[in-house]
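For reference, the structure discussed in these notes is given below.
Quick note: the coordinates plus some simple rules give every number you see, no bench work behind them. In this text the structure is predicted, and so the values were computed from the model without any measurement. Note: ideal-geometry Cβ built from the backbone for every residue, glycine included; neighbour counts use all protein chains shown.
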Amino acid sequence: MGTELLGLLGSIILIMVGMRLLFGELDSRMAMKRLDLKYFLDFEQRYTYKNMKSTVMLMVFCFLLFGGISIFSGNGLLLLVLFVAIGVVVDIVSGWVFHFYGRFRFKKRIGEAKGVVERLKKEIERPFDPEEITELQDNYDFLEVVDSYVQEEDHMACLSRDGGVFMEKMKHYSQVAFLVDEKLEEAKQRFADTKVRVTGLTSDKRYPFKDGRLDLLVCYNTNFKPEEVGRVLKEDGIFIAHQLGSENMQELTTMSSPFQAKNIWNMQILSESLRKLNYLLLDRRESRSEMRFLTLGAFVHYLKANSKINLDHIENYANVLNVISQLIQNKGYFAVKTHHFYVVARKRSQSL
């Protein structure tokens, strides 16, 4: 390796270590201003290297621009690989050094962050009271909508992910009734002494019914497969879908992922999709309201029951949960906007 290349490598090593320490200090100051608990809690975790791609690109760029050696020469390609490898190793080591240094440099901040997490855990573990969640009146009662289409002689099924909480509230079921739920064991316990048959998806993620088996299929706040809905419904069968719209709880998305692209999902889009699949729309309604949580525990309970967010390790959501906890302490509640809708459609004959 030439003298110039060695000098370049030495300079890069010094720059990378220096920049790591400099930007680490700047990041920590920003984290203090933002009350970023997660930043300081990460120093308690095992160090994980995440800059492989960007470091490789930087080292290749430096070699080609300043190395003074052609990669097409006898040892050029080998030197490039060695140069990049050394750069990656140095970046890994400098990152580990700062991670280790940060445990001592920010010991007080780390302790404060851990204290906040313990407080949040205690708030969440308090016994849950349903009255700690209040929602302004909707412009429809979805249970009444579903009950109006349930016929005693029919075959019906409900798709959900709440362990059967919604279906349990229904006033009556058809003579043959199924529940297909993601929380299978919880649902089985809930309907152990009823005529409702609890099951899950098949091994290939299809609905567990023969073609044209169902008179009524209800989908409550979970994703559905249009091709599977069409397959299991009889001709003239009824499909009722209740969905959470894209505006539902946008405040949480803004706090946790402010730059995340937002998909649009509403009553109009679902209605048009069903029309294109040759369904006849019978009824539909959309609601935008507000839900208030009086305690942090109530909020977490609701998320666990109605979303796929894994809150088993609250350290990953400490920043958002701490902001919500402070809002509840200051205002007496944490409010989010709700957006949900339903569409009732009849499957028309394919010959039409």
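Taking 0.36 nm per residue of sequence separation and removing the Cα-Cα distance, the residue 269/residue 78 pair yields an extension gain of 63.2 nm. Given H placed on each backbone N at 1.01 Å, which residues far from residue 198 in sequence or on other chains put an amide H within less than 5 Å of it? Those lying under 5 Å, H to H, from residue 198 are 179. Calculated over segment 3-125, the projected area of the Cα convex hull averaged across directions stands at 9.1 nm².
Straightening the chain between residue 194 and residue 141 buys 16.7 nm, computed as 0.36 nm per residue apart minus the Cα-Cα spacing. Take the Cα of residue 331, go 7 Å toward its beta carbon, and the backbone nitrogen atoms of segment 131-153 under 17 Å from that spot belong to 132-137.
Calculated FRET efficiency, residue 346 to residue 128, Cβ-Cβ distance, R0 = 30 Å: about 0.15 to the nearest 0.05. Subtracting the Cα-Cα distance of residue 108 and residue 281 from 0.36 nm times their residue separation leaves 56.2 nm of extension gain.
Per-residue 3J(HN,Hα) values for segment 211-216, derived from phi via the Karplus relation 6.51 cos²θ - 1.76 cosθ + 1.60 with θ = phi - 60°, read 4, x, 8, 9, 8, 9 Hz in sequence order (x marks Gly and Pro). Approximating the spin labels as points 7 Å out from Cα along Cα→Cβ, the residue 205-to-residue 228 distance works out to 0.9 nm.
In this label model, residue 11 and residue 56 are separated by 2.6 nm, measuring between points 7 Å along each Cα→Cβ vector. Here the Karplus relation 6.51 cos²θ - 1.76 cosθ + 1.60, evaluated at θ = phi - 60°, turns the backbone of segment 102-115 into coupling constants of x, 4, 8, 5, 10, 4, 5, 5, 5, x, 5, 5, 5, x Hz, with x for every Gly and Pro.
Given +1 at the Cβ of Lys and Arg, -1 at the Cβ of Asp and Glu and no other charges, the dipole of the chain around its Cα centre is 980 debye to the nearest 20. Across segment 122-135, coupling constants 3J(HN,Hα) worked out from phi with the 6.51/-1.76/1.60 Karplus curve, θ = phi - 60°, read 5, 5, 5, 7, 4, x, 8, 10, x, 6, 7, 10, 10, 10 Hz, and Gly and Pro carry x.
Restricting attention to the chain, close to 55% of DSSP beta bridges with both partner residues there are antiparallel. Pairs of Cα atoms in the chain fall into 10 Å distance bins, from 0 up to the last occupied one, in shares of 5, 18, 21, 17, 15, 13, 9, 3, 0 percent. Calculated FRET efficiency, residue 323 to residue 152, Cβ-Cβ distance, R0 = 45 Å: about 0.35 to the nearest 0.05. Only lysines eight or more places from residue 210 in sequence, or on another chain, were considered; those with a Cα closer than 24 Å are 183, 188, 195, 225, 234, 276, 347. The H on the amide N of residue 283, modeled in the peptide plane, is under 5 Å from the matching H of 344, each at least 5 residues off or on a different chain. Among the lysines of segment 3-125, pairs at least eight places apart or on separate chains and with Cα atoms under 27 Å apart come to 21.
Could you list 158, 219 so that the one with the fewest beta carbons within 10 Å of its beta carbon is first and the one with the most is last? Please list the in-between numbers first.
Working: 158 24, 219 21.
Exposure proxy ranking, most exposed first: 219, 158.
With the charge dipole of the chain set up from +1 on Lys and Arg Cβ and -1 on Asp and Glu Cβ about the Cα centre, the Cα lying farthest toward the positive end among the listed residues 274, 296, 57 is that of 57.
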